[in-house]
Amino acid sequence: MKKSIFISALLFLVFSIKAQLINPGFETWTNDALVPSAMNPNSGDGTTGWWDFNYFNSPVLGSSPVSVTRCTDTVHSGSYSVRLQSKVYTPTSWGYFNAWGTPFIGHPYNDTLGILFNGNASVNSQTYVPGIPYTQKFSDFRFYYQYRPAGIDTAICRVLLVKQRVPVAGGVFKTHVATGSSGWQQAVVTMTYVSSVTPDTMWVLYSSSSLDKYPKPGSTLWLDDVSVTFATGITETLDSEDDLEIFPNPSNGVFSVQVNGNREEQHLEVFNVLGSRVFSTQTSKQHRYTVDLSNYPKGVYYVKVVKGGRSLTRKIVVH
């Protein structure tokens, strides 16, 4: 017996929003719990927001220089931006610092980095939980920046969506180009999805210097106005759950599509979660297709067959 199925496909309509982001314009600042002369872009010790390594300026932790500061003279909007500058840590603070490492790069930080990251941190209890609560899937992560590298250096932003610390999607932005007189530029971190599950946390890491090669003391990165862009969708009505079959599903990227029912002219299209068409066929009366997405990123795709003025849509997972 046929039945009507409604599938919400993440296609076509894209809009920008700042939902659930914490302090996206870097307008909130508090004094560091261990270093009263330093300020951090969060709501205070033990809160969730943006964090840095300014507390290494404390004599207890080695008296390293402050590397993240509140900026008022270079601002994209509002009253403040955040300024990251690569500094050389003292040997004492580096003794604490070098063992931390990070899930973003898989090895310890070098000792000349200006770092900004999000999470819940408590200096008093010396605990840190990475990331902010986040349960929405988005297509890209955006922010405004200015960059002044010291020699050959690279500013980086890494973004990761996770579910119980297992990656759902991720993306990276890198630049070695000085913005100079060009002023503020908008960076776009395009997210690649490797899982169809709903995330629970967003991890973000900024660095004013290379995380992998040769960081340079003095490289400076200004940041402001963080946002995310969502891909949201249209609802399509399908005639029968048996009219369109995909196998194998999940797939390694190569799969077959079987269109059942009456022979009539039709065409097939495949979209990624951002609504971009990655595969299509000419109109024909063909009933079986082979699709090869092995050169495309792993993640969720939507197979759509249009025939007789109606459409059939199914989800395919490529892993």
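Quick notes on this one:
- Debye log10 I(q)/I(0) at q = 0.23, 0.33 Å⁻¹ for segment 25-73, Cα point scatterers: -0.79, -1.33
- Once the Cα-Cα distance is subtracted from the 0.36 nm per residue extended length, the residue 165 to residue 254 segment shows a gain of 29.2 nm.
- Global geometry of segment 239-318, whether rounded, prolate or oblate, following the gyration tensor of its Cα atoms and the 1.5 cut on a/c: prolate
- Spread of Cα-to-Cα distances over 10 Å intervals beginning at zero, given as percent, for the chain: 6, 23, 27, 18, 13, 9, 3, 0
- Rounded FRET efficiency, nearest 0.05, which uses the C-beta distance separating residue 37 from residue 197 and R0 of 30 Å: 0.10
- Modelled FRET efficiency - R0 22 Å, residue 152 with residue 185, Cβ distances, 0.05 increments: 0.70
- Remark on residue 310: its backbone amide H falls under 5 Å from none of the residues 5 or more positions apart or on other chains, H modelled at 1.01 Å from N.
- Lys pairs, the chain - Cα-Cα below 13 angstrom, 8 or more residues apart or on other chains: 6
- Extension gain for residue 177-residue 279 works out to 33.3 nm (0.36 nm per residue, less the C-alpha to C-alpha distance).
- Expected 222 nm ellipticity per residue - DSSP helices of 4 or more, -39500 (n - 2.57), all of the chain, to 500: -500 deg cm²/dmol
No lab work stands behind these numbers, since they all come straight from the coordinates. No experiment lies behind these values; they were computed from the predicted model shown. Reconstructed Cβ throughout: ideal geometry from the backbone, glycine too, with neighbour counts over all protein chains shown.
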